[in-house]
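S.K.: Before anything else, here's the structure in question.
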Amino acid sequence: MKIIFIIPFLIVVMAAQAQQRVKWPGDKKSAIILTYDDALPSQLKVAVPQLKTAKLTATFFLTSDIDSISIPQWRALSKNGVELGNHTVFHPCAGTDDNPVPSDHYTAYQIIREIEVMDRFLYAVDGRTKRTFAYPCAETTVGGKDYVDSLRKYTLVKYARAGGDSSAFVTDFVHLDPFRVPSYGLEGGETGAQLIAFVKKVQQSGGVGILMIHGVGGDYITISSQAHRELIRYLETQKKKIWMPTFQQGMNYINKQIPLHAQKQ
């Protein structure tokens, strides 16, 4: 009699596990999403040309540091499939060591209002109305309080990228919170081999991995131009196996297969 009850239980477990998997476009086996933060000059100077050579797209999370010189470049990139995401106006973070604007005295309303203002700024750049968001310094709190649920209720953005380490890739899509999407936040100094090792782990998992990149060959939290080139060259060789969309494209696709908005976190 026990066997009779065990078999249906195993079927249910296997079905639940199968539902966590996403079938990637074109029979690809996994997905990698490249994201770049803070609108840094080295990204336009070094990273973008390397991406163009390999015919890869990416998401750039911008702040109001974009200016009259870089805005035409960002506008042109958006017309060629690159996603421009929201990273707030002033990039507020806890403390002031590396960030000129502290978030310690912000309220949830103030940070959301700032995201809204940056959305309007970006609309003037690329003409798009609905975009994704990345938490400054990967911090989901301001003034000591978590504002993720406030951001969720405000419906200003559909998806928000958070932080994580080299183990932060997604295989459990059923429990994925679209407002806490993890990413591999580079700390600076990573080698091409380390970046490729992350991609290979994602490939083995069949899931999606998101890289959070800052400086490339310059600026801060920097990886070398060579390390970035090695990563891009490897990805170029894996185009038949890895789907490489923008953050919004990737999340939209996942959401169609497993409705993320239905998740109660």
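The values are calculated or read from the model by the stated rules, or taken from the named source; none is laboratory data. Note that this is a predicted model, so its numbers are computed, not measured. In case anyone asks, the SASA skips ligands and DNA or RNA and just uses the protein heavy atoms, side chains included. Shrake-Rupley method; radii C 1.70, N 1.55, O 1.52, S 1.80 Å.
S.K.: Express the Stokes-Einstein translational diffusion coefficient of segment 91-187 in µm² s⁻¹, to the nearest whole number, given a Kirkwood radius over alpha-carbon pairs, 4 °C and a viscosity of 1.567 mPa s.
M.R.: 90 µm²/s
S.K.: Run the helix sum for the chain: -39,500 (n - 2.57) per DSSP H stretch of 4+ residues, divided by residue count, reported at 222 nm to the nearest 500 deg cm²/dmol.
M.R.: Working: 8 runs with 98 residues, N = 265.
Mean residue ellipticity at 222 nm (helix-derived): -11500 deg cm²/dmol.
S.K.: So how exposed is Ser103, as accessible area in Å² (1.4 Å probe, rounded to 10)?
M.R.: Here the residue's solvent-accessible area equals roughly 0 Å².
S.K.: Turning to a different aspect of this structure: Rank Thr141, Thr132, Thr53 by accessible area, highest first, at a 1.4 Å probe radius?
M.R.: Output order, biggest surface exposure first: Thr53, Thr141, Thr132.
S.K.: Related question: Kindly report the accessible area of the chain per residue (heavy atoms of protein chains, probe 1.4 Å, no ligands, DNA or RNA), in Å². Don't skip to the answer; put the middle values down first.
M.R.: Numbers: 13100 Å² over 265 residues.
Accessible surface, normalised per residue, equals 49 Å².
S.K.: According to the square roots a ≥ b ≥ c of the eigenvalues of the Cα gyration tensor, what is the shape class of the chain, taking rounded for a/c under 1.5, prolate for a/b larger than b/c otherwise, and oblate for the remainder?
M.R.: oblate
S.K.: What accessible surface, in Å², does a 1.4 Å probe find on Val82, ignoring ligands, DNA and RNA and rounding to the nearest 10?
M.R.: Near enough 20 Å² of accessible area.
S.K.: Label segment 23-65 by shape, choosing from rounded, prolate and oblate, from the square roots a ≥ b ≥ c of the eigenvalues of the Cα gyration tensor; if a/c is under 1.5 it is rounded, and otherwise prolate applies when a/b is larger than b/c, oblate when it is not. Don't skip to the answer; put the middle values down first.
M.R.: Details: a/c = 4.21, a/b = 1.86, b/c = 2.27.
Taking the square roots of the gyration eigenvalues as a ≥ b ≥ c, segment 23-65 is oblate.
S.K.: Let me ask something additional. To the nearest 10 Å², what's Ser70's accessible area with a 1.4 Å probe?
M.R.: 20 Å²
S.K.: Ok, one more. Which entries of Lys200/Lys240; Lys200/Lys239; Lys201/Lys241; Lys28/Lys158; Lys52/Lys79; Lys45/Lys158 have Cα-Cα distances beyond 19 Å here?
M.R.: In this structure, Lys28/Lys158; Lys45/Lys158 lie more than 19 Å apart at Cα.
S.K.: Right, next: What is segment 142-265 by shape, rounded, prolate or oblate, if you read a ≥ b ≥ c off the alpha carbon gyration tensor as root eigenvalues and call it rounded for a/c under 1.5, prolate for a/b larger than b/c, and oblate otherwise?
M.R.: Oblate shape, in that a/c is at least 1.5 and b/c is the bigger or equal ratio.
S.K.: Give me the percent of the accessible area of the chain that comes from carbon and sulfur atoms, probe 1.4 Å, all protein chains in place.
M.R.: Its accessible area is 56 percent carbon and sulfur atoms.
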